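Where a number appears in this text, it was derived from the coordinates with a stated rule and is not lab data. The structure displayed is predicted, hence computed values, not measured ones. No Cβ is skipped: glycine too gets one built from the backbone with ideal geometry, and neighbour counts run over all protein chains shown.
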Amino acid sequence: MKAPALLLVLLAAPAAAREVKVTLAEGVGGQATHFAFDTRSGASRRLSGLIGIEMRQMRSYQVRGRKLVGAGKALATADEVLYQTRVDGADVVVVRAEESSLSSPWRIFSACSGHPVQVSVVSVLVVEGGSVARSRELARSASSTRFTAAVLE
């Protein structure tokens with residue numbers, strides 16, 4: 001009788017969420033923005049402050065030809081790896097990618113005249129089994145290429 005009851009409890013219990021904290025700063029000495037990121041669901045939320053211990057970085061991913069590459073495989077568009085670490089068997093990678101923005105008439109005019117407005121998009125990716133399992137955009141900023149990031153427990 002105990003075994004079926006234990007099995008029922010294990011099947012009914014959802015997988016425990018693993019939340020890490022991501023801090024992101026734009027520019028040199030820029031004000032930091034803090035996020036909580038759930039590595040299992042990909043959900044994020046802003047935090048007003050940040051307390052935690054910075055997780056150990058790894059060097060498994062790099063950018064080649066505007067692509068994030070891991071184990072010789074292109075995973076996502078990226079121009080820079082800001083931070084990478086391992087959390088509960090998955091890799092968490094914070095990347096910055098440049099995009100051309102056509103979000104306003106002025107930017108469309110600028111692009112037509114040969115001067116597209118570049119936008120930096122900072123995202124956090126969860127890589128499992130050699131592919132991106134979840135991703136979440138954390139920030140978007142026009143004409144900014146200097147970001148720093150850290151992942152904390």
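Quick notes
- Once both labels are positioned 7 Å from their Cα atoms along Cα-to-Cβ, the gap between ARG56 and GLU128 label points is 2.3 nm.
- Between THR145 and LYS73, the FRET efficiency from the beta-carbon distance, with R0 = 22 Å, is close to 0.30.
- A cut-off under 10 angstrom between Cβ atoms defines the neighbours of THR85, and their net charge, with Lys, Arg +1 and Asp, Glu -1, is -1.
- Amide H partners (placed H, <5 Å) of LEU47, local residues excluded: HIS34, PHE35, ALA36
- Order by protection proxy (mean Cβ within 10 Å, highest first), peptides 119-132, 60-73, 34-47, 83-96: 83-96, 119-132, 34-47, 60-73
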